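One structure is given here, and the rest of the page talks about it.
None of the figures in this text is laboratory data; all of them are computed from the coordinates on show. Not measured: the values here are computed from a predicted model. Virtual Cβ from ideal backbone geometry, glycine too; neighbours counted across all protein chains shown.
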Amino acid sequence: MLLIRCPYCEAERPEVEFTYAGEAHIARPADPSALSDDEWRDFLFIRTNPRGRHFERWRHMHGCGRFFNAVRDTVTDKFAMTYKAGTPRPGDEEIALASASAAADSAASVKDARP
Amino acid sequence: MSNFRIAGKGRVNRSRQLRFSFDGVDYTGCEGDTLASALLANGVHLVGRSFKYHRPRGILTAGSEEPNALVGSNRGNGRFEPNTRATVLEVFEGLKTESQNRWPSLTRDIGAVNDALYVLFSAGFYYKTFMWPKSFWDKVYEPVIRNAAGLGKAPTAPDPDTYASRFAHCDVLVVGGGAAGLAAALEAGRSGASVILCDEQSELGGSLLSEPTAEINGQLAWDWLEDANAALAAMPNVTVLPRTTAIGYYHQNFVGLCQRLTDHLRIVPDGAPRERMWKVRAKQVVLAQGAIEKPLVFAGNDRPGVMLAGAARTYLNRYGVKVGNRAVVVTSHDSAWHAAFDLAKAGVEVTAIVDVRGTVPTQLVTAADALRIRTLIGWTVTGTKGRLRVSSVRVNPVTAGGKVGGAETIACDALLMSGGWTPSIHLFSHTQGSLTWNEDGQMFLPGRGKEECRLAGAGKGRFGLKAAFEDGAAAGAAAAADAGFSTQPATYHVEGEPSFTGVTGRELPTDLDPGHAKAFVDFQNDVMAKDIRLAVREGFKSIEHIKRYTTNGMATDQGKLSNINGLAVASDALKRPIPAVGLTTFRPPYTPTSFGTFAGYNKGALFEVTRKTPIDGWAEENGAAFEPVSLWRRAWYFPQVGEDMHAAVARECKAVRASLGIFDASTLGKIEIVGPDAAEFMNRMYTNAWTKLAPGRCRYGLLLGEDGFIRDDGVIGRLAQDRFHVTTTTGGAARVLTMMEDYLQTEWPDLKVWLTSTTEQWSVIALQGPNARKLIEPFVEGIDLSDGAFPHMAVATGKIFGVPTRLFRVSFTGELGFEINVPARYGRAVWEKLFEAGQRFGITPYGTETMHVLRAEKGYIIVGQDTDGTLTPDDAGLAWAVGKTKPDFVGKRSLSRPDMLAANRKQLVGLLTSDPKTVLEEGAQIVLDPNQPVPMDMVGHVTSSYWSAELGRSIAFAVIQGGRSLQGKTVHVPMPDKVHAATITGMVFVDPENTRLSA
């Protein structure tokens, strides 16, 4: 069972609290009627389905109820980072930085917890 | 009964003698015995029959990897378990056990004829031998073979035990309580980290339990162990879990532990769970699972009395049991020599040590000479004899060139073998950690890991006690450090440790035809070396295919003994090195785990939530039959004495149409949509136009997916300019709210709207029938109920019986109707008041079935029954509900995609059978021409079908290609009894002018 960090609750919670909500950064067109049939088809059905890094949406269903975005590796199942809905797609550097600081954070919080 | 217990040996408590039975014979064991050790102490080796060939089988191992000694165990009071491993089952007073897969008895088993017919059962026999004639498959081969092959019989009674589960978090989880695991846990414990140490056996110690003469830091092994146990017990930050198997290792250091709590007890304390599943999230994991001894592959290696040498040593040193009086050892590894020495010193006549290696450490030969044990270096074993127990072994010298010389036969009653040791890397493999082939040790070792995890000791190829202690201590200290704690690993000084070198090979060389050698690789699945070679000859190249074709490694022991031997044979047959052939994947659980442990508390009433409305209790007291609707339990109908469902529903329908019915509609999904942008949000979500809907009025709302297909519907009331009371289908409530939240949070976060689920805050009582207004008028305050002031599709707030209400004038029956929403806590009281006052109108409670019939008579659809996620509003005849002038709403763009405008789409229509008495089956297929050849061209199917008491005939809905243009045409519904003809009609069967609604 995965541990997922909710960017709104700012806490790691077990996977059972979350639901998956498909690929991220596919905005609903502002004026769908302006789209050709092919463009609308692509918006509705065409997804990247990558092997490796995937930008995707999750919802903290049994927590705060918020939708948020995540970067997850579809091969290892590891989350590189999560971020709030509406923030732009993070770049390579930001992702690398976030996963490194997450690792440091968890080590620091362990030390803080020492009696 | 002969006694094989040796005085002064072992850890079992001889002062506590326990009586138990096996196959109806009473035996005595000691406290601390497993069933296997207790049977061996009584001289019993034959414990079962093999899976396919029904060959007599004995106890092969002393651990959880046991493939042969599976028994049925009866702990009384309906507590029966098949396939219990005798090597794990702890003996208690009164334990009853039985052998499996034999008839009429273990010693005289008819099924053993399979052994003579073994040619029929070779690799892939299922796919070959029994394919012809085809008609024999169902009637002869399948039942007969199924019956003859197999393991224990599953109990038929429900499991009387309860099972627990628990979440736990720790800094360091140590799996395995042998030398490495103990050292790791002591280290991590001393650092102050929170530690869980689990071990599958009844006591900690692992191989130390079989090494009483080793000295650790100047202490004898068992004294050291006692101190270690005490030290761990004294640390409040350490949890020690014996009888606890780590069954699976999942993402982010989530490890499942199965703890066996009561199987070893004679009397189970009241309410005590049998097993507990620990779901542990550990910051760091140390795997110290040790190693598993490999059998050697030679003809007759499966006879009772043939046993792993390490197991024999464990039975001697830990249980004080000698496994025979006259033993021969055959080995490719030093460790078996030490078993021979221990047995010889305990008084067993060890006739010979056969070592297949060309050279062995000289100190072993010297020690053997001192004990007067004959040593046959560079010899091989080519066969065994003995029907139910090994009686002799056939040995041959092998020249340096590999030529097998003349045979010699040595009498024995125990043959102890060792083909070396396999590191137990199962849990590491669960994490998708990579494995690397170690050529020197001829074993797979852990490579790159994917989790915060370390291996220690024999589990990563560090064999020997000193290595295990030091490796474990280092791993424990490092794990603690990575979890934020610091410690200086202790040092260990070990004396009297046995040497530990050896080689691994394939089948032993033989002078006989290897094509006839019954040399077993997988004991439990009866796979022989020649089966694997046959699979390779037949073209199987991948080890995964060879495994499935031969079933090698597919038994309940999951290849713990057979995988590496099978791989060695396959590699030789394929003429490719072992790492190029590859290893099959280990998967959880590590050992067989009961379903009860996985289910835990989630059974019976706790299996799934049953949602009940505040009025449910009244329905139950008044004899309702219930049906599940999503997670709700809903009143289905209210049968009176002597009524079946048909009669009850007909009576309920008539009552509603003639006078008055009362229905619990509380399960309807309800969402409160509030805010300055509420109407705009509604406009974007639903197909309908909401801007002009006046407060105090309702509208039927239709919700599509972005793909244009119908997702949900419901009546929506506007209470104020900025407030909507949305209802959804019972099953769709959560889905609709999620969809709304998704759009609001991620697409239109600028909208000032708040969504709140109010499903459980309102009780909803539907009053339907011509007398509905007459009933409530005297009890309603603050609302003018006259048709002019409060017409169909109106909503108002007021009071009823003094209770605040949102009163809707709506109808799902076609009759004058009200839906009375009151705060949930008043639901039952208001219901009872209405029921009492309604007696003068013959008020009739009705259930979901009557509701379904009444709505169908009026042509009202049910989303999810009459629609299936492929119907557009137009397909369902609901084009009128789509706001044509709205620029956009969810799904609008899809409605103009070419496929959505196609002429021959399936459309929802009414259907009247030619025979009015025939009620079609829902889901039945529809064809235009019943005389066309099969397979027929199916043009649609029946979605709803009922008996209408009002009309005195059946009615139905169906989706049919181009259905609306076929009005009046006859279609045909082929059913098993006959083909039914039916006419396509409109969907409204009762009161098409809606005169009753506005009464």
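As an equivalent ellipsoid, segment B:519-589 spans semi-axes of 17, 13, 10 angstrom, where each value is the square root of five times an eigenvalue of the C-alpha gyration tensor, largest first. Placing unit charges on each Cβ (+1 for Lys and Arg, -1 for Asp and Glu) gives segment B:295-342 a dipole about its Cα centre, and among B:Asn301, B:His338, B:Val323 the Cα reaching farthest toward its positive end belongs to B:Val323.
Bridge orientation summary for chain B: considering DSSP beta bridges with both residues in this region, about 75 percent are antiparallel.
With the simple spin-label model, which puts each label point 7 Å out from Cα in the Cβ direction, the B:Glu643 to B:Lys886 separation comes to 4.1 nm. Between the alpha-carbon centres of segment B:644-668 and segment B:52-105 there is a gap of 59 Å. Pairing the Cα long axis of helix A:92-112 with the longest principal axis of chain A, what angle in degrees results, from 0 to 90 and rounded to the nearest 10? Computed tilt is about 30 degrees. Mean projected area of the convex hull spanned by the Cα atoms of segment B:903-999, taken over all viewing directions: 7.0 nm². The mean number of Cβ atoms from other chains found within 10 Å of a Cβ in peptide A:57-69 is 2, as a whole number. For segment B:610-701, the convex hull spanned by the alpha carbon atoms encloses 163 Å³ per residue. Taking label positions 7 Å along the Cα-Cβ direction at both B:Trp748 and B:Lys541, the computed distance is 5.9 nm, reported to one decimal.
Each residue of segment B:325-334 is assigned a 3J(HN,Hα), and the resulting list reads 9, 9, 10, 10, 10, 10, 7, 10, 9, 4 Hz, derived from the Karplus form 6.51 cos²θ - 1.76 cosθ + 1.60 (θ = phi - 60°), x at Gly and Pro.
In the frame of its principal axes, segment B:1-98 has Cα extents of 41, 30, 25 Å, reported largest first. Computed packing ranks the peptides B:591-597, A:91-97, B:744-750 as B:591-597, B:744-750, A:91-97, most packed first, by mean other Cβ atoms within 10 Å. For segment A:1-84, trypsin sites (Lys or Arg not before Pro) are listed when DSSP marks them as loop and at most 16 other Cβ atoms sit within 10 Å of their Cβ; the list is A:Arg47, A:Arg51, A:Lys78.
Using the rule -39500 (n - 2.57) for each DSSP H run of four or more residues, divided by the residues of chain B, the 222 nm mean residue ellipticity is -5500 deg cm²/dmol. Packing-based ranking of B:410-417, B:74-81, B:254-261 yields B:410-417, B:254-261, B:74-81, ordered from highest to lowest mean Cβ neighbour count within 10 Å. Computed extension gain for B:Ser122 through B:Val979, at 0.36 nm per residue and net of the alpha carbon distance, reaches 303.5 nm. Overall, the protein assembly as shown carries a charge dipole of about 1480 debye about its Cα centre when +1 sits on the Cβ of Lys and Arg and -1 on the Cβ of Asp and Glu, all other atoms neutral.
Our summary gives chain B a relative contact order of 9 percent, counting only alpha carbon pairs under 8 angstrom and 6 or more residues apart. What is the mean number of Cβ atoms from other protein chains located within 10 Å of the Cβ atom of each residue in peptide B:484-490, rounded to a whole number? Average neighbour count from other chains, rounded to a whole number: 2. Within straight-line reach of B:Lys752, meaning a Cα separation under 24 Å, sit the following lysines at least 8 residues removed in sequence or on another chain: A:Lys84, B:Lys670, B:Lys692, B:Lys886, B:Lys892. With a 10 Å cut-off around each Cβ of A:13-21, the average count of Cβ atoms from other chains is 1. Pairwise Cα distances in segment B:560-718 exceed 19 Å in 76 percent of cases.
Considering only B:Thr995, B:Ala62, B:Gly814, the residue lying farthest towards the positive end of the dipole of the protein assembly as shown is B:Ala62, judged by Cα position with unit charges set on Cβ.
Modelled this way, with points 7 Å down the Cα-to-C-beta line, the labels at B:Ala999 and B:Thr107 are 8.7 nm from one another.
The fraction of Cα-Cα pairs per 10 angstrom bin, counted from 0 for segment B:177-256, comes to 18, 48, 28, 5, 0 percent, rounded to whole percents.
Shape verdict for segment B:295-419, please, from the Cα gyration tensor: rounded (a/c under 1.5), prolate (a/b greater than b/c) or oblate. In terms of gyration-tensor shape, oblate. Computed about its Cα centre, the charge dipole of segment B:903-999 is approximately 200 debye, with only Lys, Arg, Asp and Glu carrying charge at their Cβ.
Packing around the peptides B:518-526, B:448-456, taken as the average count of other Cβ atoms within 10 Å per residue, puts them in this order, highest first: B:518-526, B:448-456. The shape of the protein assembly as shown can be summarised by an equivalent ellipsoid whose semi-axes, obtained from the alpha carbon gyration tensor, come to 70, 35, 30 Å from longest to shortest.
Given R0 = 51 Å, the distance between the Cβ atoms of A:His62 and B:Leu265 translates into a calculated FRET efficiency of 0.85. Give the calculated FRET efficiency between B:Met936 and B:Asn13 to the nearest 0.05, with a Förster radius of 56 Å applied to their Cβ-Cβ distance. Step by step, r from the Cβ atoms, then E = 0.15. Taking the DSSP bridge list for segment B:295-419 and keeping only pairs wholly inside it, about 40 percent are antiparallel.
If R0 is 41 Å, the Cβ-Cβ spacing of B:Arg825 and B:His169 corresponds to a FRET efficiency of close to 0.55.
Compactness of segment B:752-861, taken as the C-alpha radius of gyration over 2.2 N^0.38 Å, stands at 1.08. Putting +1 on Lys and Arg Cβ atoms and -1 on Asp and Glu Cβ atoms, find which of B:Gln925, B:Thr913, B:Thr885 reaches farthest to the positive end of the dipole of segment B:854-938. Value computed over the given set: B:Thr885. Size descriptors for chain B: radius of gyration and Dmax over Cα atoms are 37.8, 115 Å.
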